[in-house]
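Presented below is the structure to which this report refers.
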Amino acid sequence: MPLFGNSFSPKKTPPRKWASLSNLHLLDRSTREVELGLEYGTPTMNLAGQSLKFENGHWVSESGTFLGDRRELQRLRKRNQQLEEENNLLRLKVDILLDMLSETTAESHLMEKELEELKQHNRRKK
């Protein structure tokens, strides 16, 4: 008796006669979606009492009471634009202040260097 031999060898299964007994693979795509339940419809959601559905890449209100929200949306867009402009102005001011600081620092280092050179020159004369 072999130590690591194969003492169990199951019979091979016979090959299948047909790949599938179902005729769903013969149907076209739309019929298959209906039969298999792959048609989900448009996604919908409810936010703060407002019912929205997703159509053509955008969320659209299902009810016609979106006018008040449009005004609010326009107000928010205007406020967003104002804040972006203010943010750009503040970034410009910060850049200018950093440039002024670096210029002043460079001038200060040059003056310190000149002062040190004058001190050394003065010590040599004595």
Any lysines whose Cα falls less than 28 Å from that of Lys125, other than same-chain ones fewer than 8 residues away, would be Lys113
Any idea what the alpha-carbon Rg over 2.2 N^0.38 Å comes to for the range 67-125? 2.45
Restricting attention to the range 54-126, which GluC sites (Glu not before Pro) occupy a DSSP loop and are surrounded by at most 14 other Cβ atoms within 10 Å? Glu62
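A short reminder: the numbers here are calculations on the coordinates, not readings from a lab. All values derive from a computational prediction rather than experimental measurement. With ideal geometry, Cβ positions are generated from the backbone for all residues, glycine too; neighbour counts draw on all protein chains shown.
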